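The values are calculated or read from the model by the stated rules, or taken from the named source; none is laboratory data. If you're wondering where the values come from, they're calculated on a predicted model, not measured in any experiment. Note that we place each Cβ from the backbone using ideal geometry, even for glycine, and neighbour counts take in every protein chain shown. Note: areas computed on protein heavy atoms with side chains; ligands, DNA, RNA excluded. Shrake-Rupley method; radii C 1.70, N 1.55, O 1.52, S 1.80 Å.
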Amino acid sequence: MALVQIQETPHWKKVLSYIGPGFLVSVAYLDPGNLETDLQAGADYKYELLWIVLVGLGFALVIQSRSANLGVATGKHLSQHCRTEYHTPINYCLWILAEIAVIAADIPKVIGTAFALNILFNVPIWSGVLLAGLNTLLLLGLQRYGIRKLEIAIGILVLVVGGCFCSVMVHANPNVKEIARGMFIPKLSNASATRDSIALLGALIMPHNLFLHSALVTSRKIHRSVDGIRSANRYFLLESGLALLIAFLINVAVISVSGTVCSNPNISSNNKYHCTNVTLNSAALLLKNALGNWSSKLYAISLLASGQSSTVTGTYAGQYIMQGFLDLKMKLWLRNLVTRCIAIAPSLIACIIGGPSAAARLIIIASVNSKFCYSKQENMPKNRPNSFLFFPFELPFALVPLLKFTSSEAKMGEHKNSIMTFSSNLYKELLANLQSLGGSRIMVSLILWFLGACSIGINIYFLGSTLLGWITSDHTPKATAIITCVAISPVIILYILMLLYLTFKPQIPNTDSPDSGMSPDESLESEITRERDSNGIQRAVEIEM
């Protein structure tokens, strides 16, 4: 990866030097799967769940900042730390789970891009899937010209998504006061809204994003001093906050559009039917009927930009995951090709065999959205099987290592998330820590572990309740339910044991820490010298201005 030179003066150039990684990460909150979830949330509850999106993205900012801190402080990303920390069997399990999460996240992106091409140019869905894969590889080819070029391309696509939906929102003319109330006044009108809010919160922390963010920040050439690392962490936090703020505003626009259209008292019966079960395809028809043909075209353009940008970052995440866990000595273009083929294979097979309906169903299976797990509408089939939720299953195996590593002095040194050790003199120890650290690092660690536990608890609850709902359903034969319980019991036990292992395993010191006794320049030069390119030859690092 080419390093980006941080320009210290003038200050605005220094700020611009840090902008990029957060925007690549933020597109995961704007991918077609999230757009579909937002459209359905607005159709079902109008603006009621906007505060959930605000809280969830605030939570995401806190967790993503830890991922960035890990990469900045250690010079290594999350999957690399996992490879050096855990035994080979555990390492391979974590890699497989991470790859499954990448594939599951990629399915809505690829199919969303294919739907957009179909709406705009009447391209067959299976051809759209292939084009989505090809365009992704072309965009990733921008890496040859430096990471900044790719970051600029993704930033433009994010602005296209926002511009299109904001234009549609202005034409839809939502009630601004109601939007403000939905954002800042918590309200859950019924049990269905509560369930959907839990699903929405659980979907906002994506496992592959934790791997991606910790890798992207290593593209900056920072001073390896303690103050230099702390300064970089602050700038990356501000940059991530700006990127997620833009992502939040786009989510607000999406929810407002569907909320306004579907709450219109003069809505037609056809549009009312589409509002009961919004899909990426039906949303175009809904907007066309309600707001005009140009609205559906703008929606398709935003869907295309959303799908293309998120597939690029998904491929990027898969590349880092494969390289980090397996330490593969593989050419960059070949690693991208392998990652892309693995990710689009399920989508392509489904589109070729089953057509658009199968593609839409595949999004349902891959997405974390409670509307797909519980039938709420009378005109929806009651015996549809619950989808397997990949993100809730995988999240703890990315989040727990991240919190462990960032709270470990063996890994992070002075940049760890400080925690209190319980002793008989706890009060004096607390005062000493508050005086030496200002209390902030203690609070950060406690808040992080609390938020992490909440996120994991929400996801496990959602996963367990979905599975239990299917087993206890009247439409599930008793024999099938018994066989399922017997089959998943060992999996549950293994799941719990693995989580306990990840949580309580003692940490291995980070022997490659950039701060291990060298001067900043010597440490950086030594780190660069140790890195090898995919051919096993020492790579030259390009310094971008």
### Query
Mind checking which lysines have their C-alpha under 27 Å from Lys76, skipping anything on the same chain fewer than 8 residues away?
Lys13, Lys14, Lys149, Lys221, Lys329, Lys331, Lys404, Lys411, Lys416, Lys505
### Query
Roughly how many whole Å is it from the C-alpha centroid of segment 188-248 to that of segment 86-139?
22 Å
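Over every pair of different alpha-carbon atoms in segment 18-64, take the mean of 1/r and invert it; report that Kirkwood radius in Å. Could you put the intermediate results ahead of the total?
Working: mean 1/r = 0.0846 Å⁻¹.
In segment 18-64 this quantity evaluates to 11.8 Å.
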### Task
For Thr194 and Leu16, calculate 0.36 nm times their separation in residues minus their Cα-Cα distance, and state this gained length in nm to one decimal.
60.0 nm
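Would you mind putting 160-168, 67-75, 288-296, 187-195 in packing order, based on average other-beta-carbon counts within 10 Å, highest first? Don't skip to the end; give the middle numbers.
Details: 160-168: 21.2, 67-75: 26.3, 288-296: 17.4, 187-195: 13.6.
Highest mean packing first, the order is 67-75, 160-168, 288-296, 187-195.
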## Note on the structure
Going residue by residue through segment 350-357, the Karplus relation 6.51 cos²θ - 1.76 cosθ + 1.60 with θ = phi - 60° gives ³J(HN,Hα) values, rounded to whole Hz and with x marking Gly or Pro, of 4, 5, 5, 7, x, x, x, 5
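Return the FRET efficiency for the residue pair Leu159, Ser473: r is the Cβ-Cβ distance, R0 is 51 Å, and the value is rounded to the nearest 0.05. Could the numbers behind the result be given before it?
Values: r = 45 Å, r/R0 = 0.87.
For R0 = 51 Å, the calculated efficiency reads 0.70.
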### Proximal lysines relative to Lys297, as straight alpha-carbon distance under 19 Å, when same-chain residues fewer than 8 apart are discounted
Lys109, Lys288
### Query
What fraction of the Cα pairs in segment 125-166, stated in percent, has a spacing above 14 angstrom?
60 percent
### Message
Can you list residues from other chains, or at least 5 along the same chain, whose modelled amide H is less than 5 Å from the amide H of Arg220?
### Response
Val4
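Before I look further, what does segment 1-127 give for accessible area per residue, probe 1.4 Å, in whole square angstrom? Walk me through the numbers before you get to the answer.
On the way: 3610 Å² over 127 residues.
Accessible area per residue: 28 Å².
Would you calculate the volume per residue, in Å³, of the smallest convex hull containing every Cα atom of segment 132-257? Provide the component values of the computation, followed by the final result.
Working: hull volume 21.0 nm³, N = 126.
About 167 Å³ per residue, rounded to a whole number.
If the viscosity is 1.002 mPa s and the temperature 20 °C, what translational diffusion coefficient in µm²/s does Stokes-Einstein give for segment 1-96 when Rh comes from Kirkwood over Cα pairs? It would help to have the intermediate numbers written out before the result.
Working: Rh = 16.9 Å.
Taking Rh from Cα pairs, D becomes 127 µm²/s.
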